[in-house]
1. Can you give the FRET efficiency to the nearest 0.05 for Lys40 and Lys397, using r as the Cβ-Cβ distance and R₀ = 45 Å?
2. How high is the FRET efficiency between Glu333 and Lys197 when r is their beta carbon distance and R₀ equals 30 Å, given to the nearest 0.05?
3. Using a simple spin-label model with points 7 Å from Cα along the Cα→Cβ vector, what separation in nm is obtained for Asn12 and Glu404?
4. Taking 7 Å along the Cα-to-C-beta vector as the label spot, tell me the Ser53-Lys153 distance in nanometres, rounded to one decimal.
5. Of Lys221/Lys340; Lys196/Lys340; Lys36/Lys65, which ones are farther than 26 Å apart at the Cα?
6. Would you kindly state how much longer the chain becomes between Glu205 and Ser80 on full extension, computed as 0.36 nm times their sequence separation minus their alpha carbon distance, in nm to one decimal?
7. Given H placed on each backbone N at 1.01 Å, which residues far from Ala266 in sequence or on other chains put an amide H within less than 5 Å of it?
8. Can you put Ser14, Ser208 in order of accessible area, largest first, using a 1.4 Å probe?
Amino acid sequence: MELGSALQFLDNKSIFVTGATGFLAKIFVEKILRVKPNMKKLYLLLRAADHKSAVHRLHNEIIGKDLFTVLKEKCGKNFSSFISEKITLIPGDISHEDLGVKDSNLVEEMWKEVDVVVNLAATTNFDERYDVALGLNTLGAKYVANFAKKCVKLKVLVHVSTAYVSGERSGLILENAYSMGETLNGVCGLDINVEKKLIEENLNELRSQGVSEKEITRAMKDLGIERAKMYGWPNTYVFTKAMGEMVVGNFKGDLPLVIIRPSMVASTYKEPFPGWIEGLKTIDSVILGYGKGKLTCFPGNRNSALDVIPADMVVNAMVVAMVVHANHPYSCETIIYHIKYVFPLKVLYLVNALSCQYFKKIYTDFDRKIRSAMRLAKLYKPYALFTGTFDDTNLEKLQKVAEERGIDVDEFNFDPKSIDWKDYIMNIHIPGLSKHVIKS
């Protein structure tokens, strides 16, 4: 493809996005609409009972966010009509075999029109109920792959996972795909159908005993952790995401498949503006605790590192990978990209030294959330003590291909080495955390 190939590729294209209210999904949607207003259509799957509910979620959880301020300014008074023209809402539920879409005409339309499927639907709670996590992160991936195979114009399927499907492995972690039933500790017997049946049996037994919903939730959370550790994963989230990779790879058929594995995702570096973030991410629990001066014993070695990447760089990598691999229709190969940057934990000492008073002035009533952050620090202990190194050879190759094909490196920058990380944390991420998360 020639100069500007990423933007050219998006010309008159239709993209189906699942999990559209999620953090990365919103950034992806905003990016596409802002840089390529003449793309044809974005089909957004929202968990909703009907169109009215989906519209409510669109306005309250997506385009109503500060993230879309730049796009609103660009469109001016035409913003509403632009959104109506470019976005088609799909009420549904990814945990259902048919994605929960009731409108058969809309389904037929998507099968005819969709060029790219981007699966961003997931629950990212580390201790989620096992039935919920398996439904969204594992079975949902299978159902999306089955849907994608019916899209006659489909050029590529992009599945967003996490680098931490590797569990607590040490050494070099390659950008390799999981095979069905593969486990981290070598224990045999992992079968997703068996896991689904086990959940159903446990739920039936609990309900027959008349236990409360709270007790069922606790039992489902415990079951998820138990099954994850049985096969070598530290928590339900990464376990079900790993199984999601297995099923999407197994059921994709001949579709070209790209799996994106970001490490810990942080606030935006530049686009649509620096510092946008939604909700407390993994590293933020640590930063808040240090900034308040209350999280003084977070487990870790000051010479060790966390793997972090700004959200807009993840999205840029997704778009470039989408473009590059759409050139290889009928390819059965699955390409995996680790997207990360090794962030020294010693930088957090700088955060503690420089930001303590800054936080103290703003968060005088923030004790409850700080206690929550400290609780989360225990949950995130495996990541602070993580000794593995994510191989990013494929990502480096993608950067070279992007340069060779004249893809605008400013428009689609995903090189974390271009970041001044101390400046990013102190002058972008922390102020963004204050503005968009804490004060809200």
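The values are calculated or read from the model by the stated rules, or taken from the named source; none is laboratory data. In this text, all values refer to a predicted model and were calculated from it rather than measured experimentally. Note: ideal-geometry Cβ built from the backbone for every residue, glycine included; neighbour counts use all protein chains shown. The area values use the complete protein model at the heavy-atom level, side chains included, leaving out ligands, DNA and RNA. Shrake-Rupley method; radii C 1.70, N 1.55, O 1.52, S 1.80 Å.
1. Plugging the Cβ-Cβ distance into 1/(1 + (r/R0)^6) gives 0.90.
2. Efficiency at R0 = 30 Å is approximately 0.40.
3. So the two model labels end up 2.9 nm from each other.
4. Result for the modelled spin labels: 3.0 nm.
5. Beyond 26 Å: Lys221/Lys340; Lys196/Lys340.
6. Value of the extension gain: 40.0 nm.
7. Close amide H contacts, sequence-distant or interchain: Ile309, Ala311.
8. Reading off the accessible areas and sorting them downward yields Ser208, Ser14.
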